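The structure under discussion appears below in the form of structure tokens.
The values are calculated or read from the model by the stated rules, or taken from the named source; none is laboratory data. Values in this document were obtained by computation on a predicted structure and should not be read as measured data. Backbone-built Cβ (ideal geometry, glycine too); neighbour counts: all protein chains shown. Side chains included, ligands, DNA and RNA excluded: accessible areas come from the protein's heavy atoms. Shrake-Rupley method; radii C 1.70, N 1.55, O 1.52, S 1.80 Å.
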Amino acid sequence: MTNTEIEQFRAETKGTAERIHFNNAGSSLPPDVVIDTVIKYLQEEAVFGGYETEVKYSKQLDNVYALIAQLINADANEIAIVESASMGWWIAFNGVGLQKGDVIITCEMEYVTNILGFLHAKKELGVEVKIIPNDAGGNFCLQALEDAITPQTKLFAFTHIGSTAGNVMPAAEIGKIARKHNILYLLDACQSIGHLPVDIKEIGCDMLAVTGRKYLRAPRGTGFLYVRKEVQDSLKLMFMDGFSAPKVTNSDYVTRSDARRFELYERSRATTLGLGKAIEYLLNIGIEKIWQRVQYLAGIMRKQLAAIDGVQVHDIGDQKCGIVTFSVNGVNSYIVKNKLAEKSINVSVGKAHSTLFYMEKHNLASVVRASVHYYNTEHEIQVLCEVLKNIY
Ligand SMILES: Cc1ncc(COP(=O)(O)O)c(C=O)c1O
């Protein structure tokens, strides 16, 4: 990515002139064109009517499914648009129809939503959950996964990038094992989409849950669920309305034949268009280029943080990403966050419960999370480090 391109991306993102935004793993700054798209649509709804505006934009709204499909190398009929990754994850997870004695295999990077899903399935259904821990170097052991499989293994539920850790899980290698043993594979790609290349055919997952507001730079309240065509009919529906089941008689109903059966009729058309615009923006840049830049910036940040007295960087694992986690000796993570906020620098605090298995294993009550995106700069990293040097 050239300096000219970076300057252009920053000029197209109002927020970069206001703050140093290192909370991309929370919610990225959207490009101006995304916000303009949403506002324009809402204004038209207010003047012409919601249903009438939808008719006018029906092609563009439909095209959002095609853009998502292009982004992850799927078919448009394998995509449902939902409000969040958690919503997508629950639709898929509940749809599997787990029963007493079934076993889920997962990893230590799971997000709190997913952990709650496992606990619920354990309590309500008598399902067993096996967690494959990462090794001391922070890497996932594929052999341990193979060894854990039994005839009772019904589901692999993995998280590609954890909420409060800087490593990437080997999603495609896990997918190969899932395919070999014919086990359903649900991947939480909430932090990885827009961050690094995610190709569902390469990964081999059956279901993928995603949010829009993080590395995709889409508006809040957007997300999507991918469900492989061959799996759609076997997933139970959590809810239905006249959109997901358009044929209804007194005694029966027929659902839609595509993944949009997992949606309900009502949601924001404006933010859906914004999601599409964010994906278009990303596709124009190219995800490989984004991933290279994110790794480069995160590498610099880790190096500079580690050189500061009293700062401890926590990220381990061979493949690291744009999420950088650290703590400052003797200073509570919330105080670090607040001190940085005073200097117009946004970071977040990664709480223990967000990635409970990992955080407990490493005795971390919280971490400071500074997550970079391609529009961040080396200078912004320097400014962050200067503030931290003078934090005591
Ligand atoms: C790894 C991971 N999975 C899932 C989620 C949940 O995303 P959402 O808030 O869109 O439901 C998050 C949110 O931070 C996350 O970091």
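Normalising the average separation of contacting C-alpha pairs (under 8 angstrom, six or more residues apart) by the number of residues puts the relative contact order of the range 92-193 at 30 percent. Taking each DSSP H run with n ≥ 4 as -39500 (n - 2.57) and averaging over every residue of the chain yields -12500 deg cm²/dmol at 222 nm. Rolling a 1.4 Å probe across all protein chains gives Asp318 an accessible area of roughly 130 Å².
Of the DSSP beta bridges with both residues in the chain, give the percent that are antiparallel, rounding to the nearest 5.
Details: 25 of 45 bridges.
Percent antiparallel among DSSP bridges in the chain is about 55.
Starting from 0.36 nm per residue, how many nanometres of slack lie between Asn338 and Val33 once their C-alpha separation is accounted for? Please list the in-between numbers first.
On the way: separation 305, 0.36 × 305 = 109.80 nm, distance 3.03 nm.
Additional length available on full extension: 106.8 nm.
The Cα atoms of the range 346-392 give a gyration tensor whose axes a ≥ b ≥ c have a/c of 1.5 or more with a/b no greater than b/c, which makes the shape oblate.
Extension gain, Lys100 to Lys176: 0.36 nm times the residue separation minus the Cα-Cα distance gives 24.7 nm. Taking Lys56 as the anchor, which lysines have their alpha carbon closer than 24 Å to its alpha carbon, excluding any fewer than eight residues away along the same chain? Cross-link targets: Lys40, Lys277. Distances between every pair of Cα atoms in the range 34-284, grouped in 10 Å steps from 0 to the bin holding the largest one, split as 7, 31, 34, 20, 7, 1, 0 percent. Qualifying trypsin sites (Lys or Arg not before Pro) in the range 236-294, where qualification requires a DSSP coil assignment and no more than 15 other C-beta atoms within 10 Å, comprise Lys236, Arg267. So for the range 139-250, taking the charge dipole from beta-carbon charges (+1 Lys/Arg, -1 Asp/Glu), which of Phe140, Gly194, Ala178 sits furthest toward the positive end? Value computed over the given set: Gly194.
When the chain is treated as a GNM with alpha-carbon contacts under 10 Å, the residue of Asn284, Asn167, Asn114 showing the greatest mean-square fluctuation is Asn284.
So which of Lys320/Lys361; Lys201/Lys303; Lys123/Lys180 end up more than 24 Å apart, counting from Cα to Cα?
Numbers: Lys320/Lys361 19 Å; Lys201/Lys303 35 Å; Lys123/Lys180 30 Å.
As for pairs spanning more than 24 Å Cα to Cα, those are Lys201/Lys303; Lys123/Lys180.
If the only charges are +1 at each Lys and Arg Cβ and -1 at each Asp and Glu Cβ, what is the size of the charge dipole of the chain around the Cα centre, to the nearest 20 debye? Can you show the working numbers first?
Working: 41 positive and 44 negative charges, 91 e Å.
Around 440 debye, computed over the chain.
Rounded to the nearest angstrom and listed largest first, the equivalent-ellipsoid semi-axes of the range 44-168 from its Cα gyration tensor are 37, 18, 14. Solvent exposure of the chain amounts to 43 Å² per residue of accessible area, where only protein heavy atoms count and the probe is 1.4 Å. A simple spin-label model places pseudo-atoms 7 Å from Cα toward Cβ; at Val383 and Ala365 they are separated by 3.1 nm. Here the Gaussian network model covers the chain, with springs between Cα atoms less than 10 Å apart; of Ala17, Ala298, Ala278, Ala17 fluctuates the most. Here the calculated FRET efficiency for Lys229 and Ile391, from their Cβ-Cβ distance with R0 = 41 Å, stands at 0.20, rounded to the nearest 0.05. Comparing mean-square fluctuations of Ala307, Ala172, Ala80 from a GNM of the chain with C-alpha springs under 10 Å, the top value falls on Ala307.
The apolar share of the surface of the chain, taken as the fraction of accessible area on carbon and sulfur atoms (1.4 Å probe, ligands and nucleic acids excluded), comes to 52 percent.
For the chain, relative contact order (Cα pairs under 8 Å, six or more residues apart, normalised by length) works out to 23 percent.
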